[in-house]
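The values are calculated or read from the model by the stated rules, or taken from the named source; none is laboratory data. All values reported here derive from a predicted model rather than from experimental measurement. Cβ placement follows ideal geometry from the backbone for every residue including glycine, while neighbour counts extend to all protein chains displayed.
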Amino acid sequence: MSQIAQHQPHHYLEDFQGIVTGVLLVALAIQFFRAAGLITGGTTGLAFLLHYSLQIEYGMTLFLINLPFYWFAIERMGWEFAIKTFCSVALLSWLSELMKNWLPLGHLDPFFAAIMGGLLAGVGILMLIRHKSSLAGVTVLALFLQQRFGWRAGKVQLGFDLMILTLGFFLVPRDLLLYSLVGAVALNAVIWVNHKPGRYMGM
């Protein structure tokens, strides 16, 4: 029992596999959201709003938005976390553009896209968290607040997501905004239920 409870860090190959898989799942979720005209929360949602309103490339927008958060990641979470996070965001920015060609989708049912996209993104982000990485932005802050004050990361992120969705009220049709809210709840439910301090021993 004591051996199971010991803190055993992931091998770097395990980190590589976990991070790449997590990013691929999030990139697939982004493709679902984009095909249905939905948005999500955090910096990915802000990138969606800029992408829709200004018709600029989503991947590069996402990468640039996250730049200010790396300093916070270094200061609060350490260099290892910050470097892994930078690589995760850079990979997601690249894959989110490639995914348009790899998986060209017509219009998706928005309810299906919200649920499936939210679950995929939630699992992907959870994998990143468990390999000491993130998609920067709000996730970094949510993890810090959980670490420092014991606030549940899923609840914190949901609060910020609701703010992004409120901004979307002015740019996204009302029905799609409602479906986007469903997707945000699905995403954060995965993190809320599955990421609890002290439960996971493999970090």
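The set of residues from segment 145-157 being of a type outside the set (Gly, Ala, Ser) and at pLDDT below 75 comprises just one member, GLN157. With the condition kept exactly as written, say whether any residue in segment 75-90 is modelled with pLDDT under 90 and either in contact with a strand residue (DSSP E or B) (Cβ under 9 Å, 6 or more places away or on another chain) or of a type in the set (Lys, Arg) (or both). Yes, segment 75-90 contains a residue that is modelled with pLDDT under 90 and either in contact with a strand residue (DSSP E or B) (Cβ under 9 Å, 6 or more places away or on another chain) or of a type in the set (Lys, Arg) (or both). Looking at LEU46, is it without any contact (Cβ under 8 Å) to a residue 40 or more places away in the chain, more than 18 Å from PHE112 (Cα to Cα) and either part of a helix (DSSP H, G or I) or under 13 Å from the mean Cα position of the chain (by Cα) (or both)? It is false that LEU46 is without any contact (Cβ under 8 Å) to a residue 40 or more places away in the chain, more than 18 Å from PHE112 (Cα to Cα) and either part of a helix (DSSP H, G or I) or under 13 Å from the mean Cα position of the chain (by Cα) (or both).
Just so you know, in segment 163-178 the residues that are free of Cβ contacts under 8 Å to residues at least 12 places away in the same chain and over 20 Å from the mean Cα position of the chain (by Cα) include one that is nearest to PHE112 (Cα to Cα), and it is ARG174. Evaluating PHE16 against the criteria (1) part of a helix (DSSP H, G or I); (2) touching a helix residue (DSSP H, G or I) at 6+ places or on another chain (Cβ under 9 Å) leaves one unmet condition, (2). For the structure I just gave you, tell me whether ILE39 is under 15 Å from SER93 (Cβ atoms), out of contact with any strand residue (DSSP E or B) (no Cβ under 7 Å at 6 or more places or on another chain) and part of a loop (DSSP other than H, G, I, E, B). Against the criterion (under 15 Å from SER93 (Cβ atoms), out of contact with any strand residue (DSSP E or B) (no Cβ under 7 Å at 6 or more places or on another chain) and part of a loop (DSSP other than H, G, I, E, B)), ILE39 does not qualify.
Considering the conditions (1) out of contact with any helix residue (DSSP H, G or I) (no Cβ under 8 Å at 6 or more places or on another chain); (2) part of a helix (DSSP H, G or I); (3) not acidic (Asp, Glu), PRO104 is excluded by exactly one of them, (2). The residue list LEU135, LEU105 contains one member that is surrounded by 15 or more Cβ atoms within 10 Å (Cβ to Cβ) and either at pLDDT below 90 or within 21 Å of GLN31 (Cα to Cα) (or both), which is LEU135.
Considering only residues in segment 62-99 that are over 22 Å from PHE32 (Cα atoms) and of a type in the set (Asp, Glu), the one that is surrounded by the fewest Cβ atoms within 10 Å (Cβ to Cβ) turns out to be GLU75. Starting from residues that are among the aliphatic types (A, V, I, L, M) and within 20 Å of GLY59 (Cα to Cα), keep the ones in segment 123-162 and report whichever is farthest from the chain's Cα centre (by Cα). Filtering segment 123-162 for residues that are among the aliphatic types (A, V, I, L, M) and within 20 Å of GLY59 (Cα to Cα), the one farthest from the chain's Cα centre (by Cα) comes out as VAL140.
Tallying residues that are part of a helix (DSSP H, G or I), free of Cβ contacts under 8 Å to residues at least 24 places away in the same chain and surrounded by 14 or more Cβ atoms within 10 Å (Cβ to Cβ) within segment 145-158 yields 2. For segment 117-132, a residue qualifies if it is in a helix (DSSP H, G or I) and surrounded by 20 or more Cβ atoms within 10 Å (Cβ to Cβ), and the qualifying residues are GLY117, GLY118, LEU120, ALA121, GLY122, GLY124, ILE125, LEU126, MET127, LEU128, ILE129.
When LEU143 is tested against (1) in contact with a Leu (Cβ under 9 Å, 6 or more places away or on another chain); (2) farther than 20 Å from GLU14 by Cα; (3) not polar (S, T, N, Q), only condition (1) is not met. Filtering segment 182-203 to residues that are modelled with pLDDT of 80 or more and either part of a loop (DSSP other than H, G, I, E, B) or more than 23 Å from GLN146 (Cβ to Cβ) (or both) leaves only VAL182.
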